[in-house]
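S.K.: One structure follows; several queries about it will come next.
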Amino acid sequence: MSRTEFDRLSESYASSRFAADATVAEMRAAFAAGAVAPPAGFTSRQTRLGNRPAIELVPGEGGREGALLYLHGGGYVIGSAATGVGMAAALAERTATTAYSLDYRLAPEHRFPAPVDDALSAYRELLERVGAQRLVVAGDSAGGGLAIATLVAARDAGLEMPAAVAVFSPWADLTLSGESFGARVGDDPLFSQEDVRGYARRYLPELGGDEAAASPIASPVFASLRGLPPMLVQVGSRELLLDDAVRLAVNAAHDDVDVVLEAAARAPHNYQTALDGLDAAGDALDRAGAFLRRRIGAAGAEARAA
């Protein structure tokens, strides 16, 4: 992974940050402009999953291995199924699954726990369709935190766990208590502390927000992760949210979850999304795809042996 590549990406991030006084509508419009079309060879269609809109993405050779639920980033305030297409398709291609990029409800119109409720409903539907052994979950940034929160909620509801989960720069602590949230100020090219606080204020309830922030399904760094599936966590060292990822992985290990943590030196937030211009992004997604596909195969083999 080239530090020069990461430097160029960080410079691009810094030049495209939202203005401090940007409205939610302006942020959503700017973020939506970065959505990409599915790659050549994919079949895509609008569908519904868990009673929410979603985009179904089928690789050219078909999603024969199972299904992937993808949860987009955007601080629970911006983003959509369309902005998740690039990452969802990249992982679908690498895992030979059919991916579903979910349009969960956004704040401030729909505050916590609405996104968790939506993602859990979508997960439940895919579980019924393909079974746990052929299902994987992934997400980036807020969607990464949401992916883990969804599995915590699913476990607590008595649902089977999927074959594996992969998260990229997960926002997993809405109390913002990680050491890196202070230590990386001025080094993170994408976020200031106030940026992240703004997303949290919009997402958490207007009354009881502090209590909600510490909830295990708002901030899964405070959750028991026991019983969750094998987990891959990728993060860049140049992030305010670095310690969200590190603590999540450490907690998973303490709770006897198979976990792989990859921290890329000097990489910024969500560097994997820069697929068109960053070799390291493709390499990271190759590793994530291999991690997920290997566990789909292992789960299937165990089921057949039983």
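S.K.: Quick check on the exposure proxy: order L102, L151, L71 from fewest to most C-beta atoms within 10 angstrom.
M.R.: Ascending number of Cβ neighbours within 10 Å: L151, L102, L71.
S.K.: Can you give the charge dipole size of region 3-66 about its Cα centre, rounded to the nearest 20 debye, using +1 on the beta carbon of Lys and Arg and -1 on the beta carbon of Asp and Glu?
M.R.: That gives a dipole near 240 debye.
S.K.: Quick check: net charge around T98, other residues with Cβ under 12 Å of its Cβ, Lys/Arg +1 and Asp/Glu -1?
M.R.: Charge balance in the 12 Å sphere: 0.
S.K.: For a label point 7 angstrom out from the Cα of R124 toward its Cβ, which stretches of region 43-75 have the backbone nitrogen within less than 19 Å?
M.R.: 48-54, 69-71
S.K.: Moving on to the next point. For D286 and Q46, what does the FRET efficiency come to when R0 = 30 Å and r is the distance between their Cβ atoms, rounded to the nearest 0.05?
M.R.: 0.55
S.K.: Still on this model: Report the full-extension gain for the segment A14 to L159: residue separation times 0.36 nm, less the Cα-Cα distance, to one decimal in nm.
M.R.: Here the answer is 48.0 nm.
S.K.: Additional query: I need the calculated FRET efficiency for the pair V24 and A298, taking r as the beta carbon distance and R₀ as 45 Å, to the nearest 0.05.
M.R.: Working from the Cβ atoms, E equals 0.60.
S.K.: OK, next. What's the extension gain from D195 to A37 if we count 0.36 nm per residue and subtract their Cα-Cα distance?
M.R.: 54.1 nm
S.K.: Got a sec? Which residues in region 188-207 would a label at A114 touch, if it sits 7 Å along Cα→Cβ and we count backbone N under 13 Å?
M.R.: Once the point is set 7 Å along Cα→Cβ of A114, 202-206 turn out to lie under 13 Å by backbone N, inside region 188-207.
S.K.: Then there's this: With the cut-off at 1.5 for a/c, could you classify the chain from its C-alpha gyration tensor as rounded, prolate or oblate?
M.R.: It is rounded, given that a/c, with a ≥ b ≥ c, falls under 1.5.
S.K.: State, to one decimal in nm, how far the label point of A214 lies from the label point of R105, with both points 7 Å from Cα in the Cβ direction.
M.R.: If labels sit at A214 and R105, their model points lie 2.6 nm apart.
S.K.: Okay, next question. Among S15, S219, S121, S180, which comes first, second and so on when ranked by fewest other beta-carbon atoms within 10 Å?
M.R.: Ranked by crowding around the Cβ, least crowded first: S15, S121, S180, S219.
S.K.: A further question follows. Fewest to most neighbouring Cβ within 10 Å: what's the order for H110, H254, H269?
M.R.: With the fewest neighbours first, H110, H254, H269 line up as H254, H110, H269.
Throughout, read-outs are computed from the coordinates displayed, never taken from laboratory work. Everything quoted here is computed from the prediction, not taken from an experiment. Heads up, the Cβs are rebuilt from the backbone with ideal geometry, glycines too, and the neighbour counts pull from every protein chain shown.
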